[in-house]
Amino acid sequence: MNCPQGPIGVFDSGYGGLTILSKIRELLPQYNYIYLGDNARTPYGTRSFEVVYQFTLEAVRKLFELGCPLVILACNTASAKALRSIQQRDLPHLAPSNRVLGVIRPTVEAIGEMTRSRHVGVLATAGTILSGSYPLEIKKLYPDVRVTGMACPMWVPLVENQEYASEGADYFVRKYIDDLLAQDPLIDTLILGCTHYPLLIDKIRRFTPPGIRLVAQGEYVAASLKDYLRRHPEIRTRCTVGGDCRFLTTESEAKFRESASIFLRQQVEVTSIVLE
Ligand code: DGL
């Protein structure tokens, strides 16, 4: 079997996955990475299961072509709607020795220790909430935890349009949090179930009552990846080292460069590609 070596692939519908990539690179700086943002087709959060699956599969296929032995779907919507199908249906014939991992399971694993009230809230895209993935995964690990989800369809556009720090964003940040806590006032742990949301964290914190813990995913995904690589030497030894990171986008290079610098607080070189 052909088992090539290459960088770790990190995929998101847009820029949100950069919040995950940063945390992964902080913890595992030795590896090489390719980040792929499907910025031309973002957001995924409002798209159907079939479309998210198709777009995500195209991205995974591209990252495999570029030599990635391991791809992280740094997007909750893609993890919720496409991960299982890709793992079960596509991997066996596409690249049986490669692996694709998501961001939901590592986040869910972390919350069991955090919640005292056993009431957890999930803020995410409509796609992730409608998929039911968070309640499903949480029930598997912690059957005693009650989960309430709230779709926040305005939050990704606020971030993608660089309005996340504006006063205008306050209304929508507060609204979804209030609506969620009205449904379950006993929530003590709030999962930010979308990789874009860390950019709104200052506002989210401002409108969340004290005593409620906010869970941003980056550090948990990074820790889980580190553990995964420790447990899977057959994948780890295929991940090349050197600390490089390449950026690919389906949008224009200039647009990606400008927006990515806000997420990463540094300028990056990027190449535009077509997914099909
Ligand atoms: N960053 C994606 C996620 O974590 C959502 C962005 C989108 O809607 O495309 O769900």
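The values are calculated or read from the model by the stated rules, or taken from the named source; none is laboratory data. Keep in mind that what you see is a predicted model, and the values were worked out from it rather than measured. A quick note on method: Cβ atoms are made from the backbone with ideal geometry, for glycine too, and the neighbour counts reach across all protein chains shown. Quick note on the areas: whole protein, heavy atoms, side chains included, nothing else; ligands and nucleic acids left out. Shrake-Rupley method; radii C 1.70, N 1.55, O 1.52, S 1.80 Å.
A few remarks follow.
- Helix 218-231 and the longest principal axis of the C-alpha atoms of the chain enclose an angle of approximately 40°.
- The heavy atoms of L136 offer some 100 square angstrom of accessible surface to a 1.4 angstrom probe.
- About the Cα centre, charge dipole magnitude for the chain (Lys/Arg +1, Asp/Glu -1 at Cβ), debye: 680 debye
- Segment 129-213 - Rg over Rh from alpha carbon coordinates, Kirkwood radius: 0.97
- In Hz, Karplus ³J(HN,Hα) per residue of segment 168-179 (6.51, -1.76, 1.60; θ = phi - 60°; x = Gly, Pro): x, 6, 4, 4, 6, 5, 5, 4, 5, 5, 4, 4
- Other residues within the sphere of radius under 12 Å centred on the Cβ of N76, judged by their own Cβ, net out at 0 (K and R +1, D and E -1).
- Less than 5 angstrom separates the built amide H of A40 from those of T250, E251, all sequence-distant by 5 or more or on a different chain.
- Cα gyration tensor shape of segment 1-114, rounded if a/c is under 1.5, else prolate or oblate by comparing a/b with b/c: rounded
- Solvent accessible area, Å² - R230, 1.4 Å probe, full protein context: 150 Å²
- Less than 5 angstrom separates the built amide H of L101 from those of V71, I72, L73, all sequence-distant by 5 or more or on a different chain.
- Backbone phi angles across segment 86-91, fed through the Karplus curve with coefficients 6.51, -1.76 and 1.60 (θ = phi - 60°), yield HN-Hα couplings of 5, 4, 8, 9, 9, 3 Hz in residue order; Gly and Pro are listed as x.
- 3J(HN,Hα) along segment 260-276: 4, 5, 6, 6, 9, 6, 7, 7, 10, 8, 9, 10, 7, 9, 10, 9, 7 Hz, from the Karplus curve 6.51 cos²θ - 1.76 cosθ + 1.60 with θ = phi - 60°, whole Hz, x for Gly and Pro.
- Rounded if a/c under 1.5, otherwise prolate or oblate - segment 209-262, Cα gyration tensor axes: oblate
- Between helix 49-65 and the chain there is an angle of about 40 degrees, using the helix long axis and the longest principal axis of the Cα atoms.
- Solvent-accessible surface ranking, highest first, for K203, K175 at 1.4 angstrom: K175, K203
- Around the Cα centre of segment 62-204, unit charges on the Cβ atoms of Lys, Arg, Asp and Glu (plus for the first two, minus for the last two) sum to a dipole of about 580 debye.
- Accessible area per residue was computed with a 1.4 Å probe on protein heavy atoms; C239 scores about 10 Å².
- Positive-end residue, the chain charge dipole about Cα centroid, Cβ charges, pick of Y53, T249, P29: P29
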